[in-house]
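Have a look at the structure below before the remarks.
The values are calculated or read from the model by the stated rules, or taken from the named source; none is laboratory data. For clarity, every value in this text was computed on a predicted model and none was experimentally measured. Cβ sites come from the backbone with ideal geometry, for glycine too, and all protein chains shown count toward neighbours. Heavy atoms of the whole protein, side chains included, go into the accessibility calculation; ligands, DNA and RNA do not. Shrake-Rupley method; radii C 1.70, N 1.55, O 1.52, S 1.80 Å.
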Amino acid sequence: MQVQLNKQLISSRLKNVYDGWRNASQNDEYGSIADAEALLLLSGDPAGEDEPVRKGTAFQTWLLGYEFPSTLLLFQKDKLLILCSASKVLAPNKEGNPPVPVEILVQAKAKEPPSGALPKFVEAFTSFKRVGSLVKEMCTGKLMTEWEQGVSKADNKPELVDMAPALSAFMAVKDEEEMKCIRTAANLTSTLLVHHIVLKLEMILDKEAKITHEQFATQIEARLGSGEGEVAKGPDMKVWSKGRGLNDVDWASTEFCYSPIIQSRSTTTGYDLRSTAESSSDTIAHKGVFLIAVGMRYKGYCANLGRSIIVDPSKEQEAIYNLLLSMQSEMLKEIKDGVSAREVYQRALDIVKKEKPELEKNFVKNAGFGTGVEFRDSAYLLSSKNSKRLKTDMVLNLSLGFSDLLDDNGKKYALHIVDTIRVGADRSTLLTEGAKSTKDTLFFLNPENEIEVEEDKPSKPSKKAPVKPLVNGSPVKNKTVGGKVLRNKTRSAAQEEVLMTAAAKIKEHQQQLHEGLQSAGLAKYSEGASGGGEKEGKTWKRFQSYKGESALPREVESLRICVDRKAQTIVLPVHGFAVPFHINTIKNVSKNDEGDYTYLRINFQTPGQLAGKKDDTPFEDPDSTFIRSVTYRSSDGHRFDTISKQITDLKKEVNKREQQKKEMADVIEQDVLLEIKGRRAHKLPEVFVRPALDGKRLPGEVEIHQNGLRYQSPMGSQKIDVLFTNIKHLFFQPCDKELMVIVHIHLRAPIMIGKKKAHDIQFFREASDVQFDETGNRKRKHRYGDEDEIEMEQQERKRRQMLNKEFKLFAERVAEAASTSMGETLEVDIPFRELSFEGVPFRTNVRLQPTTECLVHLIDPPFLVVTLNEIEIASLERVQFSLKQFDLVLIFKDFTKAPLHINSIPSGQLDDVKNWLDSVDIPLGEGPVNLNWGPIMKTINESPYDFFQQGGWRSFLGGGDADSDADVGSDSESEFEADPEELQSEESSADASEYDGSDASDDSGSGSGYDDDSDDGDDWEELERKAAKSDSKRAAEAKGTRGDSESDDDRPKKKKVAAKPKTNGKSKKR
C-alpha cells in the first residue's frame, strides 16, 4: 500500500528525536536513552480493537503519521534503518531534509526468493552493545517470529534498556498539527455529551425508561454510525451539526477511545472512576448519582471528559460537587509550564485538606495523566510520586474525584469531573467543556405535597405563560421523574427566578441566545466556509449531441435547419457546414415577418446575460468567445413557423424533464421490508391513509414488522412500506376537539406513493357520529328530552377515549419497535393544543400546534412539520400597534433552504408566540415591516462569515430587544428597502385620512346647526382645538378604544376615523 507521507513533518519530528537523543543526560527526561548506541522500534501484527494503543504503535503513528504493522525501525547515530514488507514500501524521505539518511530494506513477496533484508537488519542490530527498546511490549506475527529466530542465532546480542520514558517525552509536547486534531477530538466529545448523552439521560429519567447501562452506551456509540455493507449507517449529523468547528471532519478517522462508561447506583459492581471501567448490563436507576465518561479519538489523537449528574442531591452531595468545581478552577491556574506532576497533585490534595479534610481518604490517587496519540501516558501521571515537569503545549487529562462516599442511606457513591486541558505558560485552558455547572447537573425533586411555585407549572403546558419545557426541541428543562418535577435549578436560583417577570426573563434569555448564535456563526464559518450555497448552486454540466459525423441525421445533407428531437439538437447550416447545437445551448427562438421574407433568430446562452434565473448560469470557460445569436432569412414562412415551434416545444420538453428530475432528486428507494415471523404483527385496522392511494376510498390496515411499517389496502392490491430508518418524527394527535384521530409520520427523505412524492404519511380514523350505527336502540322509545342527549354525549366521549387509547398504543408500539430496530430512541410526539395559534403557512388559515420537537399542522393537507432544532432564528414582522395581525418568518440553519413564512397570525397571540419561541431556545427578531428574504438570504449565502463578522442576526434583526424596535425598523429599511409602492400607498392613505377628517368635520357641521356656533367669533384654529379636546374627552370615557386625538406618531390609526365623518360635528354641537 503506497501512502502519501508528510515528509516535512516527519523530518521535523525525526530531528527532535535525534536532538533529544544526542543531548540526553542521565538527569533529564531523555535519560533512559542517554547511553544507548541505537534505538529499536518493533511493530508486529495490529493489536485487537479492544486492546489499548501500544506505546510503540503510538510513537510510530506520531513519527510517520500512520501505523505500519510488521515494520521494524532501527535508529542509529548516523542513519535510520527501516525494514518493511513489499506491499507497503515507504519511499525514501529525501525531500524533507531528514537529519540522517534513511535506508529502506524491503522484504521479498510470498512467492519470491528471500531478499536478505531481514538478515541485514539483524546484523545491523547485533553490531551494537547497548540498544534502547520497549522491553515491556510483546509483539506477535510472522515477522516477529522470524526476527526472534534471527536474533537467537546471532553470536553477539546487545543489552536492551527501556526507552519508554524517552518516547513519552518526545510525544508529550504537541505541535500545531497535533493541537488541531486534539481540538477537533475535544469538540466532538463535548458535542456528543451536550447534544446527545445529557439529553438522552434526561429523557430516560423523565419517562422512567427501562434501559441498561450497556444499551445506553451502545446507543451513544451509534452516533458515529453502525452496521456494515448495505445496512451501514453514517454519523448522526442531527447531533454533530450542532458542534463547533465540525464542518470538515474526516469521519473515517473518528472513533471512540473506549466504549462510553455509564454508571448509576444500580450498577452491581459499584462506582468505578477508572477509565477501564465498563457499562454494566443492569437497568439504569432513576435517582441518585450518575457517572458519565466518554473519550473520542480523531486522526489518532484523544480527548476525554467525565461528568457527574445528581438527581435529588443532598446538601452534602451538593457541597462536594461544588468543591470539585472550585478545585478544577484552581488547578487550571496551578498547572503551567515548569510545574512538576507531584506539585499538581499535592496542590489538589491541599485544597481537599483545607475545605473538607474528612474527604482526604476518598480523594483519587492520581489527578490525571498525559494524553495524545496514547490515551493514557503513565510517564506523565499526576501523582504524588512523579517528579516529571510539565511543559507548554502538553495535553493532560485532568481527573478530579472522590470515591467510596456514603449517602444518607449508607450507600456508596462517587463523584468526578474530568476534562482535557492544554498546558500554557501561565495557566492551563480547557479543551473540553459543557454540562458542568450546577444548573446543568443537579436536579432537585419537589415533594408532592409542596406548594407549587412558578417553575412547577410547566408539566402541563399553559397558554398564557409557557415556560421552558424544551431546549431546541429537546426535553431538557422542567422534567419529571416519578411524577415529581425536575427543576434543574439550585435552590437560590429558583427563588430568584420566581421574582423575575416573564418579560425580563425573555429579554435576558434572548440576549444569551443571540450571543450564542453569534459566536456559533463566527466559529462555524471562521475558515471561510460558505453557508452551503454551493449545495444548490449550478454547476457546469457537460452534454454531447453526437459522437461523430456518422451519427448526424440524413436531413443535414441538404444544409437546411434540422431539429433532431432524439439527440435534443438543432443542426444549423453555417458557411456550407452542418453545425449541431445542443438544446441546452439555446436560450430561445424568435420569428419576425418583414416584407416577403421571414427572419428566424436563434439566441444562445452566453455569460453576462441579465435574464432572471439564467443570470448565474455557469460556463466551462466564461472567458471564451461566444456566439450571441444566429439569424436566418427565408421566403418560406411556413417552414420557419414549423422550425420555431419545434425548437420551442423541444426546449419546453427538456426544461420540464430537468425540472422533474430535480424534484425527484431527493426521493430515495427504500430497502426491502423484513416481515415479522413467528408471531402475528401488531395491526391498526380500519384506517385511512394520506396521501390516498388510487381507486375507491376504503379503509385499510397498518402492520408493524421487523424494520418498518406496511399499510395494505382492503383487497391487498396496493401497499405502502415505511422503514424505521426513514422515520424522522412520529406524531400522535388525539381526537379531542378534532374530527379525527391521527398517527402521522414525517420522513427523513421523501418516497414515491403512486406517482407523487411524499414527505409525510398519515394514518387516521374519523371520530364523528356518522362512523357509528346507532339504529335499533330500544331505550330511545322509553326516554325523552335531555336524557337521550346526555347519554349520546357520554357514548361519544367513550368512543373518543377508546380511539385515542387505540391509536396512542399503536404509536407507542411503533416507537418501541423502531428504537429496538435502529438502536436509537424514537419518541412519540403529541401536539400541545394549549400552545396552538392560527396562521397561514400556505394558502389557508390553519391551527398550528407546537410539539416537543416540532411545529405542526396535521389536520388537512398540505401538512406542515418544522423541526425546531433546524431553525436558526425567528423573525416577527408587521408588529405594529395599529395592525390586527403579524407575520412569523422562520430562518433555517441551512441557509440554502428558503425561509418559512407563517402569515396573518392574530396580534392577540403575539405574547403567546414569543413565550413559546423563547421557551424552545429559538432567538427572536422583531420589526414593523416585512423583509424581502430572497435577496437577503442570497447576500448571506455569498459570504456568511462577513455577515456574522458585521454583527450577524443581532445587528440585523435587533437581538429580540423590545427597546430597539424602532432602530431595527430603520436599519432594515436602510439595508433592504420595502416595496416603494407599498410605502407610497401607506403615506397616501395616512394623508387621506387626515384630510378626510377635516373635510368631514366641515361638512357635518354645516348640516347640523353648526352655523349658530360659528357666529360667536371663533376662528378656524379655535374650532379645531375645541373639536380635538372634545374627541379626547370622549376617547377617555370609551372602553378599549382610542379617540381621534392621536399624535402624529400614531397617524396610521386615522384610517378608521375617516369612516366616521359626523364625530367632530357631534362634539362641536355640544
| message | Among the residues that make up the stretch 859-877, is at least one of them out of contact with any strand residue (DSSP E or B) (no Cβ under 6 Å at 6 or more places or on another chain) and without any contact (Cβ under 8 Å) to a residue 60 or more places away in the chain? | response | yes
| note | Within the stretch 111-133, residues closer than 27 Å to Val53 by Cα and open to solvent by 20 Å² or more (accessible area, probe 1.4 Å) come out as Leu118, Arg130
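Criterion first (open to solvent by less than 10 Å² (accessible area, probe 1.4 Å), under 26 Å from Thr852 (Cβ atoms) and touching a Phe, Trp or Tyr at 6+ places or on another chain (Cβ under 8 Å)) does Val913 satisfy it? Talk me through it step by step, then tell me what you get.
Details: open to solvent by less than 10 Å² (accessible area, probe 1.4 Å): yes; under 26 Å from Thr852 (Cβ atoms): yes; touching a Phe, Trp or Tyr at 6+ places or on another chain (Cβ under 8 Å): yes.
Here the answer is yes, as Val913 does meet what is asked.
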| query | In the stretch 162-211, which residues are surrounded by fewer than 21 Cβ atoms within 10 Å (Cβ to Cβ) and touching an Asp or Glu at 6+ places or on another chain (Cβ under 6 Å)? | reply | Val173
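Across the stretch 656-711, which residue is surrounded by the most Cβ atoms within 10 Å (Cβ to Cβ) among those that are farther than 27 Å from Ser821 by Cα and touching a residue at least 12 places away in the same chain (Cβ under 8 Å)? Break it down into steps so the answer makes sense when it comes.
Step one: list which residues in the stretch 656-711 are farther than 27 Å from Ser821 by Cα, which gives 656-665, 692-699.
Filter once more, keeping what is touching a residue at least 12 places away in the same chain (Cβ under 8 Å): 663-664, 693-695, 698-699.
Details: Glu663: 11, Met664: 11, Leu693: 19, Asp694: 10, Gly695: 11, Leu698: 11, Pro699: 15.
If we take residues in the stretch 656-711 being farther than 27 Å from Ser821 by Cα and touching a residue at least 12 places away in the same chain (Cβ under 8 Å), then Leu693 is surrounded by the most Cβ atoms within 10 Å (Cβ to Cβ).
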| query | So which residues in the stretch 339-374 are surrounded by fewer than 23 Cβ atoms within 10 Å (Cβ to Cβ) and in contact (Cβ under 8 Å) with a residue 60 or more places away in the chain? | reply | Val364
| message | Just to be sure I understand, how many residues within the stretch 191-217 are polar (S, T, N, Q), in contact (Cβ under 8 Å) with a residue 24 or more places away in the chain and over 22 Å from Val249 (Cβ atoms)? | response | 1
| message | Anything in the stretch 891-910 that is surrounded by 16 or more Cβ atoms within 10 Å (Cβ to Cβ), of a type in the set (A, V, I, L, M) and within 25 Å of Lys524 (Cβ to Cβ)? List them, or say none. | response | Ile891, Leu900
| task | For the stretch 665-703, name all the residues that are more than 26 Å from Val743 (Cα to Cα) and within 35 Å of the chain's Cα centre (by Cα). | result | Ala665
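One line per residue, one yes/no per condition, for (1) at pLDDT 85 or above; (2) within 21 Å of Tyr30 (Cβ to Cβ); (3) in contact with a Phe, Trp or Tyr (Cβ under 9 Å, 6 or more places away or on another chain); (4) open to solvent by 20 Å² or more (accessible area, probe 1.4 Å):
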| residue | (1), (2), (3), (4) |
| --- | --- |
| Tyr66 | no, no, no, yes |
| Gln76 | yes, yes, yes, no |
| Ile104 | yes, no, no, yes |
| Lys109 | no, no, no, yes |
| query | Does Gly56 fit the bill of being under 26 Å from Pro119 (Cβ atoms), open to solvent by less than 10 Å² (accessible area, probe 1.4 Å) and assigned to a loop (DSSP other than H, G, I, E, B)? | reply | no
| task | Just name the residue that is surrounded by the most Cβ atoms within 10 Å (Cβ to Cβ) out of those in the stretch 880-890 that are at pLDDT below 95 and out of contact with any helix residue (DSSP H, G or I) (no Cβ under 7 Å at 6 or more places or on another chain). | result | Gln880
| field | the stretch 286-337 - residue that is open to solvent by 10 Å² or more (accessible area, probe 1.4 Å), touching a residue at least 40 places away in the same chain (Cβ under 8 Å) and of a type in the set (A, V, I, L, M, F, W, C) and, of those, farthest from Lys207 (Cα to Cα) | value | Leu332
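How many residues are assigned to a loop (DSSP other than H, G, I, E, B) and open to solvent by 50 Å² or more (accessible area, probe 1.4 Å) when one looks only at the stretch 550-580?
Residues flagged as assigned to a loop (DSSP other than H, G, I, E, B) and open to solvent by 50 Å² or more (accessible area, probe 1.4 Å) within the stretch 550-580 amount to 6.
Rundown of residues vs (1) within 25 Å of Gln762 (Cβ to Cβ); (2) of a type outside the set (D, E, K, R), yes/no style:
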residue	(1), (2)
Gly637	no, yes
Ser644	no, yes
Asn655	no, yes
Gly678	no, yes
Phe688	yes, yes
Pro699	yes, yes
Glu703	yes, no
| query | If Asn930 passes every condition in (1) modelled with pLDDT of 95 or more; (2) more than 30 Å from Phe763 (Cβ to Cβ) but one, which one does it miss? | reply | (1)
| field | Number of the exception - Phe724 against (1) at pLDDT 85 or above; (2) open to solvent by 20 Å² or more (accessible area, probe 1.4 Å) | value | (2)
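Can you name the residue in the stretch 129-173 that is charged (D, E, K, R) and assigned to a helix (DSSP H, G or I) and, of all such residues, is farthest from Thr61 (Cα to Cα)?
Lys153
Got a sec? Which of Gly410, Gly424 is small (Gly, Ala, Ser) and either modelled with pLDDT of 90 or more or surrounded by 19 or more Cβ atoms within 10 Å (Cβ to Cβ) (or both)?
That would be Gly424, the only listed residue that is small (Gly, Ala, Ser) and either modelled with pLDDT of 90 or more or surrounded by 19 or more Cβ atoms within 10 Å (Cβ to Cβ) (or both).
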| request: Could you identify the single residue in Asp377, Asp404 that is touching a helix residue (DSSP H, G or I) at 6+ places or on another chain (Cβ under 6 Å), touching a residue at least 40 places away in the same chain (Cβ under 8 Å) and exposed (fewer than 15 other Cβ atoms within 10 Å of the Cβ)? | output: Asp404
| query | Does Ser462 fit the bill of being open to solvent by 40 Å² or more (accessible area, probe 1.4 Å), at pLDDT below 85, assigned to a loop (DSSP other than H, G, I, E, B) and hydroxyl-bearing (Ser, Thr, Tyr)? | reply | yes
| task | For the stretch 603-624, state whether one or more residues are open to solvent by 40 Å² or more (accessible area, probe 1.4 Å), assigned to a loop (DSSP other than H, G, I, E, B) and modelled with pLDDT of 85 or more. | result | no
| query | Which residue out of Phe402, Phe363 is at pLDDT 90 or above and in contact with a His (Cβ under 9 Å, 6 or more places away or on another chain)? | reply | Phe402
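Condition check ((1) touching a strand residue (DSSP E or B) at 6+ places or on another chain (Cβ under 6 Å); (2) at pLDDT 85 or above; (3) of a type in the set (S, T, N, Q); (4) over 21 Å from Ala898 (Cα atoms)) across all residues:
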residue: Leu513; (1), (2), (3), (4): no, yes, no, yes
residue: Ser530; (1), (2), (3), (4): no, no, yes, no
residue: Glu534; (1), (2), (3), (4): no, no, no, no
residue: Thr539; (1), (2), (3), (4): no, no, yes, no
residue: Gln544; (1), (2), (3), (4): no, no, yes, yes
residue: Glu549; (1), (2), (3), (4): no, no, no, yes
